[in-house]
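Here the structure is laid out as C-alpha cells; the discussion comes afterwards.
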Amino acid sequence: MVRACLKKSRLYGQYRRSGSRENNNKFNTYKWHLEHLLNAPEKTYYSNRFRLLSGNLWKPIDDMTGKIQSENVVGPFMMVLTLMILPS
C-alpha cells in the first residue's frame, strides 16, 4: 500500500513538471485504481458489520457514530466523580 501511494505521488510529480496530457492520464488512471484498492476493505468492513447486526438497523449506526456510550466508560467515570464529591 505504501509503495502504491508513493507511485501515485511520483506520477503526480511527473504530471506537474511536464503538464502533458499523457502524464495526466497515467496519474488519473492510477489514482482511480488506488482509491478503489484502498476503499475496498472499508466497504467490506461496514457491510459485514451491518450484516452481523442486521436485526436492529439503528444499533450499528449509533455504535459507529458514538451516540451510544458503553457502560465501561460511564462506570469508572462515575466512580471517580463519587470519590471527588464524598470527603474521605
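The values are calculated or read from the model by the stated rules, or taken from the named source; none is laboratory data. What you see is a predicted model; the values in this text were computed from it and never measured. When we count neighbours, we look across all protein chains shown, and the Cβ atoms used for this are built from the backbone with ideal geometry, even at glycine.
What helices (runs of 4 or more DSSP H), lying completely within the stretch 14-88, carry at least 3 residues that are of a type outside the set (A, V, I, L, M, F, W, C), modelled with pLDDT of 85 or more and within 27 Å of Met1 (Cβ to Cβ)?
Fully inside the stretch 14-88 and qualifying: 21-52.
Just to be sure I understand, how many residues within the stretch 7-44 are under 27 Å from Met64 (Cα atoms) and touching a residue at least 12 places away in the same chain (Cβ under 8 Å)?
Total satisfying the criteria: 3.
Only one residue in Lys67, Lys26, Lys43 is over 18 Å from the mean Cα position of the chain (by Cα) and of a type outside the set (S, T, N, Q), so which one is that?
Just a single option satisfies the conditions, and that option is Lys26.
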